[in-house]
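Taking it in order: structure first as structure tokens, then the write-up.
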């Protein structure tokens with residue numbers, strides 16, 4: 001996603017260049033939020049849950065089953081839940097440039113997990 005943004009900014013010819021550093025080469029994944037809000041990192045693409053140790057509210061953004069489709073992701077983007085989440089982000093000193101949602105779920109090596117009763121007795 002960040003590489004796509006870099007290409008689009010370059011194509012726009014606005015006198016700005018985005019340089020990307022993939023593979024946690026500047027900061028480890030869970031260090032990126034701290035670097036971002038302290039001004040040591042200009043931009044990052046990271047799951048908010050990586051910063052849940054500093055802002056426990058962010059854990060809710062990684063709940064399995066929360067995003068089941070693009071339609072649901074759009075509804076989440078326009079929800080009070082995300083408005084409240086973005087207040088926490090802004091108060092910390094960061095800004096959201098793009099919302100990205102990936103569908104998630106539970107997996108098991110024993111059986112298909114489709115409901116709480118099918119997860120019974122399994123370690124999650």
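The values are calculated or read from the model by the stated rules, or taken from the named source; none is laboratory data. Computed from a prediction, not measured in an experiment: that's the story for all the values here. Reconstructed Cβ throughout: ideal geometry from the backbone, glycine too, with neighbour counts over all protein chains shown.
Brief remarks follow.
- Residue list for the range 52-76, restricted to those being in contact with a helix residue (DSSP H, G or I) (Cβ under 9 Å, 6 or more places away or on another chain), assigned to a helix (DSSP H, G or I) and either free of Cβ contacts under 8 Å to residues at least 24 places away in the same chain or over 18 Å from residue 94 (Cα atoms) (or both): 59, 60, 62, 76
- Count of residues meeting criterion [modelled with pLDDT of 80 or more and under 19 Å from residue 63 (Cβ atoms)] in the range 88-112: 7
- Considering 1, 5, 63, the condition of being assigned by TED's automatic domain parsing to the domain that holds residue 119 and modelled with pLDDT under 95 is satisfied by 63 alone.
- Residue list for the range 11-49, filter: surrounded by 14 or more Cβ atoms within 10 Å (Cβ to Cβ), part of a helix (DSSP H, G or I) and touching a helix residue (DSSP H, G or I) at 6+ places or on another chain (Cβ under 7 Å): 30, 32, 33, 37, 48, 49
- Identity of the residue in the range 79-104, without any contact (Cβ under 8 Å) to a residue 24 or more places away in the chain and either part of a loop (DSSP other than H, G, I, E, B) or outside the structural domain of residue 65 (by TED's automatic domain parsing) (or both), that ends up nearest to residue 1 (Cα to Cα): 96
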